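Bear in mind that the values in this text are calculations on the coordinates, not laboratory data. For clarity, every value in this text was computed on a predicted model and none was experimentally measured. A quick note on method: Cβ atoms are made from the backbone with ideal geometry, for glycine too, and the neighbour counts reach across all protein chains shown.
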Amino acid sequence: MNHSSGRHKQKAEGDFFSRVYRLVACIPSGQVATYGQIAAMLGNPGAARTVGWAMQAASEGLPCHRVVSASGALSPPEVFGPGVQRERLEHEGVSFLPNGRIDLKHHLWSGEGVNLEGEVSGPW
DNA sequence: AGGTTGACTGGGG
DNA sequence: TCCCCAGCCAACC
């Protein structure tokens, strides 16, 4: 838990965290994105860990269960609860491989359709 | 201003 | 394929 104390410093909407949230909110149901992918889409290929941190501080409204590691592995069980993240994803139609990882070949978000009102200023 | 942290990643063994 | 290690980066303290 971390939202007990009112320590939310809503900074400028152009902050890295805000951009991450904006982008994560665009991940379609049934698809997933990797931490590194999010970071890269925002112009910081090396900020994957920071994206993870942003997820930790994310509000409940965000589909953070759709953000996974580059290997297709899910977040630690203690984050969403044992099996919770997998259930949510399967409920959205995401299939898993025998090794318990997501089939990124079929469910990795392409990043298309991010026609946000002024999202990112990257190469796309 | 500096040291620590982490829901990451890619490469090497 | 799994485990370990070094590099990365923004927020925290």
Residue exposure sequence - A:27, A:38 - by fewest surrounding Cβ within 10 Å
A:27, A:38
Suppose each label sits 7 Å from its Cα in the direction of the beta carbon; what would the residue A:71-residue A:95 distance come out to in nanometres?
2.3
5 angstrom amide H check on residue A:33, placed H, neighbours 5+ away:
A:67, A:68, A:109
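If I take all pairs of Cα atoms in segment A:41-85, what percentage of them are more than 17 Å from each other?
On the way: 335 of 990 pairs.
Value for segment A:41-85: 34 percent of Cα pairs lie more than 17 Å apart.
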